[in-house]
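The values are calculated or read from the model by the stated rules, or taken from the named source; none is laboratory data. None of the values given here were measured: they were computed from a predicted structure. Here the Cβ positions follow ideal geometry from the backbone for every residue, glycine too, while neighbour counts run over all protein chains shown. Each accessible area value is taken on the protein alone, full model and side chains, heavy atoms only, with ligands, DNA and RNA left out. Shrake-Rupley method; radii C 1.70, N 1.55, O 1.52, S 1.80 Å.
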Amino acid sequence: MPTAEIAVMGASGAVAVLCAKEAKAKKDAGEDVKAFLAEKEEEYTEMFANPYQAAQYGYIDDVIEPRNTRFRICRALAQLATKRQNLPAKKHGCMPM
């Protein structure tokens, strides 16, 4: 299963920001805050920190299964082996001054 994460911050940092009020309320009530944050971090990771979520929104082109990586790289290099770059002719040259 591919594991990749496209995010500004990790799950623990995001959960700390998103659930700060709830964590403070739990702390004031005398409940276990670490267990609460660990549970929320696991939920966040499951929902947002996976390549399928990024592919769904079009942030990435494709999700490659690890067993197919070598094949995909070889196929891409084979396609590029005979590529020729054709640049358009210049309209104006540099005139000496």
* Structure fact -> Flagged in segment 38-97 as assigned to a loop (DSSP other than H, G, I, E, B) and of a type in the set (D, E, K, R), in numbering order, are 61, 62, 65, 83, 84, 90, 91
* What residue, of 41, 65, is surrounded by 12 or more Cβ atoms within 10 Å (Cβ to Cβ), of a type in the set (Asp, Glu), out of contact with any Leu (no Cβ under 7 Å at 6 or more places or on another chain) and modelled with pLDDT of 85 or more? -> 41
* Asked: When the residues of segment 1-37 are filtered to those that are β-branched (Val, Ile, Thr) and in contact (Cβ under 8 Å) with a residue 24 or more places away in the chain, which remaining residue is nearest to residue 56 (Cα to Cα)?
  -> 6
* Qualifying residue in segment 47-62 (condition: open to solvent by less than 60 Å² (accessible area, probe 1.4 Å) and on the phi > 0 side of the Ramachandran plot) -> yes
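Only one of 59, 52 is of a type in the set (Ser, Thr, Tyr) and touching a helix residue (DSSP H, G or I) at 6+ places or on another chain (Cβ under 9 Å); which?
Values: 52 fails: touching a helix residue (DSSP H, G or I) at 6+ places or on another chain (Cβ under 9 Å).
Every option except 59 fails the conditions.
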* Asked: Taking segment 1-37 only, how many residues are open to solvent by less than 100 Å² (accessible area, probe 1.4 Å), part of a loop (DSSP other than H, G, I, E, B) and of a type in the set (A, V, I, L, M, F, W, C)?
  -> 4
* Inside segment 27-49, can you point out the residues that are in contact with a helix residue (DSSP H, G or I) (Cβ under 6 Å, 6 or more places away or on another chain) and of a type in the set (D, E, K, R)? -> 27, 40, 41
